[in-house]
Amino acid sequence: MLVTKPVAELCALLVYELYGELPSRIFAALLSKGRSTLPQLVQHTSMTPRQLRHGLAVLQQHNLLFYHLDPGAEFATYEANAEHAYNLVRTGKILEMIDTSFGPAAKDVMQSLLLAGQTRISDLVAAYQSKIEQENQAAALNGANDDLAPEANGVHGDHQPPKKAGPLVKSAAHLNSIICRLVEAELIDVVHAKTFESPSDVLKIVEKEVMDKHFPSGVKGNKAKIELQERIAQGLRKVRAESKSLKRKLEQNGSAAKRRRLLTGIGMTNGANGFHDEDMDPALDPKQVIRINYEKCIVDLRNRRLVQFVTDMLGETTAYVYGVLLKLLTKDISRSRPDPVMDAGEDEEEADAKGPGFVTTEQILDNLKTSIDLSLGIGKADKRQISLRAAEKIEQFAPKSKALVEEAAVDGEASEDEDEDEDDSEEESDYDADYKPPAANGTNGVKGVNGVNGAAVKFDESATLKERRLDRPTQLRQHLLLLSESRQRFVRHCGPDEWTVDFIPLMKALREAELDSVIERTSGRQGLRLVRILRAKGKLDEKALPNVALMRKPELQQKMLELQTAGFVDVQEVPRDVKADVKKSFFLWFCDVDRSLERLLDTSYKTMVHCIQVLEALREKERDVLETTKRTDVRGREKDTMRKEYYERYARFLECERKLFAQVSRVDDLVAVLRDF
């Protein structure tokens with residue numbers, strides 16, 4: 001896999017951070033030298049074959065390595081898996097997401113899988129059984145000591161310290177239930193033979209199988225070429241489906257899965273309700289090897305990022321509704337971006353088998369918590385101020401598909417008089433009534449004001465209680481209409497009470513928003529305004545730009561030079577004649593969004609590398625203090641056992657480490673939006 005130098009340095013540092021120097025040196029050599037055999041790695045790394053085998057085993061255990069053995073070859077070729085190596089930086093976010101969606105017990109299981117790598121289910125069960133026995137023995141010993149201890153001070157003895165909670169995973173059946181839930185959510189995959197093959201090797205194997213079976217005499221004609229591509233895509237999808245074999249077996253026990261969903265609900269943590277249905281799950285094969293599915297984790301992380309975006313734009317209540325919609329819509333979506341080869345020849349029936357392309361209002365309402373007050377976050381307007389045709393407009397196709405139809409549809413739009421006649425008619429809809437006034441409207445808590453900043457729109461407060469009284473489905477519908485009518489087009493109203501999300505244009509808008517935020521922090525509001533002008537107008541002559549931007553020429557030139565240095569804009573020289581005289585040439589300013597995003601992505605990688613390198617320098621500087629904290633008599637009692645100046649140095653180091661890791665996490669959020677989402 002070809003990667004840039006900053007990505008290679010970052011991945012090697014992440015492997016070193018988690019697994020040590022030996023795997024990191026091998027991984028860096030594979031990234032720099034490419035596919036290599038064991039004798040070649042001996043030359044590249046100056047290590048012994050035994051050391052290399054130990055390091056390769058660690059990398060293969062954590063899915064950081066591909067290998068391929070050709071028939072008749074003596075040595076296998078190894079290749080670095082840079083994509084999974086970068087995903088190591090998202091470990092904390094994945095665990096936080098699991099904790100929020102499935103509870104602390106599922107988080108503990110996922111953390112064990114992240115630490116152990118590809119694991120056999122029997123080994124995982126044995127490790128948890130040993131852990132449960134140790135914690136139960138410790139709890140029994142503490143209980144015996146509590147019985148022998150004197151009574152606590154106080155009248156009722158209410159000053160006793162709280163007892164330590166038991167193990168998160170209560171038994172092997174509980175562990176089996178958690179694994180089943182994570183497998184059904186596609187967060188855990190099955191390891192099979194082709195898991196260790198690189199995508200290029202898998203493609204070659206499938207191509208060879210298709211050619212030998214269906215085209216033994218070669219490919220002739222365009223029709224045969226199209227059929228070849230379709231069969232290759234079908235073979236690749238079959239290979240990809242092998243990792244979902246355990247999920248398909250669990251789907252046969254539909255009644256248990258359905259009852260578990262009814263008990264736990266959407267967004268409910270894995271508490272008592274998630275523990276009582278453990279006997280309903282089938283026992284898993286102990287010889288089955290499982291691993292973390294990072295592709296599905298990225299899909300869920302994208303949902304969380306979009307919910308955060310909606311929270312900033314429209315408020316928390318609307319964002320919660322949007323989160324439920326995304327969870328239902330992406331339930332059967334296995335990856336955030338389609339594969340250009342696998343998904344190329346997929347027909348409509350196979351696409352429909354993956355899951356619905358839309359969700360209904362009833363489905364969203366059934367999965368909403370009853371404790372959520374849907375009257376918050378929406379405005380109150382008189383029905384005569386609402387255009388029914390605009391509010392109930394249905395867009396059957398995505399914006400890219402209907403671009404050629406927009407101009408033809410303008411002639412058929414109703415006038416304002418026709419809208420008023422429709423409003424005054426006897427026909428009523430759910431959107432005609434006003435809202436019951438909430439205690440706090442909008443995200444700022446100001447009554448009667450809607451919007452984030454608290455000064456956008458004022459609504460009529462004089463409506464009667466009967467007019468303002470709305471049922472819960474109507475309130476939900478208005479949140480969905482608010483999402484569909486937003487400038488970012490978070491939701492598309494694709495049919496009667498049917499809603500979908502166009503992820504490609506939505507993520508494009510989110511990437512441009514992230515780019516605008518970086519431009520504003522770098523060059524100010526004035527620089528952002530100039531970039532937006534160039535996006536709207538295209539290429540502009542240097543002489544015409546001051547008139548369009550309404551700026552003086554010296555200030556404009558200085559700001560454009562600043563933007564060009566940062567890589568946000570560029571200039572093109574167009575000569576008037578063949579001689580190419582500079583004095584007689586046109587200088588056209590333009591903004592290339594894709595180039596700016598690529599440069600921003602490369603800068604983000606360098607920033608993350610710099611943060612980790614600074615952390616390594618701090619560790620080297622405070623080595624004596626950190627070695628002291630590793631002693632068994634000091635660990636956990638640093639403040640009591642260390643001298644004051646040593647403890648202050650240790651506290652400063654922990655604070656710097658926390659800030660550096662937080663910075664790496666924030667930059668990763670930007671990288672995820674630019675590259676993975």
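The values are calculated or read from the model by the stated rules, or taken from the named source; none is laboratory data. Note that this is a predicted model, so its numbers are computed, not measured. Glycine also receives a Cβ, built like all others from the backbone with ideal geometry; neighbour counts cover every protein chain displayed.
Go through Asp99, Asp123 for me and flag whichever is crowded, with 18+ Cβ neighbours inside 10 Å and charged (D, E, K, R).
On the way: Asp123 fails: crowded, with 18+ Cβ neighbours inside 10 Å.
The unique qualifying residue is Asp99.
Kindly provide the set of residues from segment 537-594 that are in a loop (DSSP other than H, G, I, E, B) and more than 30 Å from Arg675 (Cα to Cα), ordered by number.
Residues of segment 537-594 that are in a loop (DSSP other than H, G, I, E, B), as a first pass: 538-539, 542-544, 550-552, 567-569, 576-581, 591-592.
Those that are in a loop (DSSP other than H, G, I, E, B) and more than 30 Å from Arg675 (Cα to Cα): Glu542, Lys543, Ala544, Leu550, Met551, Arg552, Arg576, Asp577, Val578, Lys579, Ala580, Asp581.
In this structure, does Ile519 turn out to be closer than 19 Å to Glu562 by Cα and either touching a residue at least 40 places away in the same chain (Cβ under 8 Å) or hydrophobic (A, V, I, L, M, F, W, C) (or both)?
Values: closer than 19 Å to Glu562 by Cα: yes; either touching a residue at least 40 places away in the same chain (Cβ under 8 Å) or hydrophobic (A, V, I, L, M, F, W, C) (or both): yes.
Yes, satisfied.
In segment 295-338, how many are touching a Ser or Thr at 6+ places or on another chain (Cβ under 7 Å) and without any contact (Cβ under 8 Å) to a residue 40 or more places away in the chain?
Number satisfying all stated conditions: 3.
Let's see how each residue does on (1) under 26 Å from Ile612 (Cα atoms); (2) in contact with an Asp or Glu (Cβ under 9 Å, 6 or more places away or on another chain):
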| position | (1), (2) |
| --- | --- |
| Ser36 | no, yes |
| Thr48 | no, no |
| Ala57 | yes, no |
| Phe75 | no, no |
| Thr91 | yes, no |
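Does Val307 count as farther than 16 Å from Leu182 by Cβ, modelled with pLDDT of 90 or more and touching a helix residue (DSSP H, G or I) at 6+ places or on another chain (Cβ under 7 Å)? Steps first, please.
Details: farther than 16 Å from Leu182 by Cβ: yes; modelled with pLDDT of 90 or more: yes; touching a helix residue (DSSP H, G or I) at 6+ places or on another chain (Cβ under 7 Å): yes.
Answer is yes for this residue.
Among (1) in the same structural domain as Leu528 (by TED's automatic domain parsing); (2) in contact with a Lys or Arg (Cβ under 6 Å, 6 or more places away or on another chain); (3) modelled with pLDDT of 85 or more, where does Pro554 come up short?
In the conditions (1) in the same structural domain as Leu528 (by TED's automatic domain parsing); (2) in contact with a Lys or Arg (Cβ under 6 Å, 6 or more places away or on another chain); (3) modelled with pLDDT of 85 or more, Pro554 misses (2) alone.
I'd like to verify a number: residues in segment 200-253 that are outside any helix (DSSP H, G or I) and either at positive phi or more than 35 Å from the chain's Cα centre (by Cα) (or both), how many?
As a first pass, look at segment 200-253 and keep what is outside any helix (DSSP H, G or I): 215-221, 252-253.
Filter once more, keeping what is either at positive phi or more than 35 Å from the chain's Cα centre (by Cα) (or both): 215-221.
Count: 7.
When you go through (1) surrounded by fewer than 17 Cβ atoms within 10 Å (Cβ to Cβ); (2) at pLDDT below 85 one by one for Thr522, which number turns out not to apply?
Against the list (1) surrounded by fewer than 17 Cβ atoms within 10 Å (Cβ to Cβ); (2) at pLDDT below 85, Thr522 comes up short only on (2).
For a quick check of your reading of the model, give me the residue pairs whose first member lies in segment 564-580 and is surrounded by 16 or more Cβ atoms within 10 Å (Cβ to Cβ), whose second is assigned to a helix (DSSP H, G or I) and β-branched (Val, Ile, Thr), with beta-carbon atoms closer than 6 Å and at least 6 apart or on different chains.
Ala566/Thr522; Phe568/Ile519; Phe568/Val531
Evaluate the following for Gly55: is it outside the structural domain of Leu113 (by TED's automatic domain parsing), at positive phi and not hydroxyl-bearing (Ser, Thr, Tyr)?
Values: outside the structural domain of Leu113 (by TED's automatic domain parsing): yes; at positive phi: no; not hydroxyl-bearing (Ser, Thr, Tyr): yes.
No; evaluated as a whole, the condition is false for this residue.
Answer yes or no: is there a residue in segment 610-624 that is outside the structural domain of Leu563 (by TED's automatic domain parsing), within 20 Å of Val518 (Cα to Cα), within 20 Å of the chain's Cα centre (by Cα) and at pLDDT 90 or above.
From segment 610-624, those outside the structural domain of Leu563 (by TED's automatic domain parsing) are 610-624; that's our starting set.
Right, trim to within 20 Å of Val518 (Cα to Cα) and you get 610-611.
Remaining after also requiring within 20 Å of the chain's Cα centre (by Cα): none.
Among the residues of segment 610-624, not one is outside the structural domain of Leu563 (by TED's automatic domain parsing), within 20 Å of Val518 (Cα to Cα), within 20 Å of the chain's Cα centre (by Cα) and at pLDDT 90 or above, which makes the answer no.
Tell me the residue from Ala241, Ala272, Ala256 that is surrounded by 14 or more Cβ atoms within 10 Å (Cβ to Cβ) and either of a type in the set (A, V, I, L, M) or modelled with pLDDT under 55 (or both), please.
Details: Ala241 fails: surrounded by 14 or more Cβ atoms within 10 Å (Cβ to Cβ); Ala272 fails: surrounded by 14 or more Cβ atoms within 10 Å (Cβ to Cβ).
The match here is Ala256.
Output yes when any residue across segment 62-75 is part of a helix (DSSP H, G or I), out of contact with any strand residue (DSSP E or B) (no Cβ under 6 Å at 6 or more places or on another chain) and within 21 Å of His192 (Cα to Cα), and no when none is. I'd like the intermediate steps shown before the answer.
As a first pass, look at segment 62-75 and keep what is part of a helix (DSSP H, G or I): none.
No.
Please tell me if Ser585 is surrounded by fewer than 17 Cβ atoms within 10 Å (Cβ to Cβ) and either modelled with pLDDT under 85 or of a type in the set (Val, Ile, Thr) (or both). Outline the logic, then answer.
Details: surrounded by fewer than 17 Cβ atoms within 10 Å (Cβ to Cβ): yes; either modelled with pLDDT under 85 or of a type in the set (Val, Ile, Thr) (or both): yes.
So Ser585 passes the test.
Looking at (1) part of a helix (DSSP H, G or I); (2) under 22 Å from Leu2 (Cα atoms); (3) modelled with pLDDT under 90, which is the one condition that is false for Pro23?
With respect to (1) part of a helix (DSSP H, G or I); (2) under 22 Å from Leu2 (Cα atoms); (3) modelled with pLDDT under 90, Pro23 is out only on (3).
Quick one: which of Asp592, Asp640 is out of contact with any helix residue (DSSP H, G or I) (no Cβ under 7 Å at 6 or more places or on another chain), exposed (fewer than 12 other Cβ atoms within 10 Å of the Cβ) and on the phi < 0 side of the Ramachandran plot?
Working: Asp592 fails: exposed (fewer than 12 other Cβ atoms within 10 Å of the Cβ).
Sole residue among the options that is out of contact with any helix residue (DSSP H, G or I) (no Cβ under 7 Å at 6 or more places or on another chain), exposed (fewer than 12 other Cβ atoms within 10 Å of the Cβ) and on the phi < 0 side of the Ramachandran plot: Asp640.
Part of a helix (DSSP H, G or I), out of contact with any strand residue (DSSP E or B) (no Cβ under 9 Å at 6 or more places or on another chain) and over 27 Å from Ala672 (Cα atoms), is that true of His54? Please lay out each step first, then the result.
Working: part of a helix (DSSP H, G or I): yes; out of contact with any strand residue (DSSP E or B) (no Cβ under 9 Å at 6 or more places or on another chain): yes; over 27 Å from Ala672 (Cα atoms): yes.
So His54 passes the test.
For segment 484-516, name all the residues that are more than 16 Å from Arg302 (Cβ to Cβ) and in contact with a strand residue (DSSP E or B) (Cβ under 8 Å, 6 or more places away or on another chain).
Result: Ser484, Arg492, His493, Cys494, Asp497, Glu498, Trp499.
How many of the residues making up segment 69-98 are touching a residue at least 60 places away in the same chain (Cβ under 8 Å) and under 28 Å from Lys327 (Cα atoms)?
Applying the first criterion (touching a residue at least 60 places away in the same chain (Cβ under 8 Å)) to segment 69-98 yields 79-90, 92-94, 97-98.
Subset that is under 28 Å from Lys327 (Cα atoms): 83-90, 92-94, 97-98.
Of the residues in segment 69-98, 13 are touching a residue at least 60 places away in the same chain (Cβ under 8 Å) and under 28 Å from Lys327 (Cα atoms).
Restricting to segment 499-536, name every residue that is charged (D, E, K, R) and either in contact with a Ser or Thr (Cβ under 6 Å, 6 or more places away or on another chain) or in a helix (DSSP H, G or I) (or both).
Lys508, Arg511, Glu512, Glu514, Asp516, Glu520, Arg521, Arg525, Arg529, Arg532, Arg535
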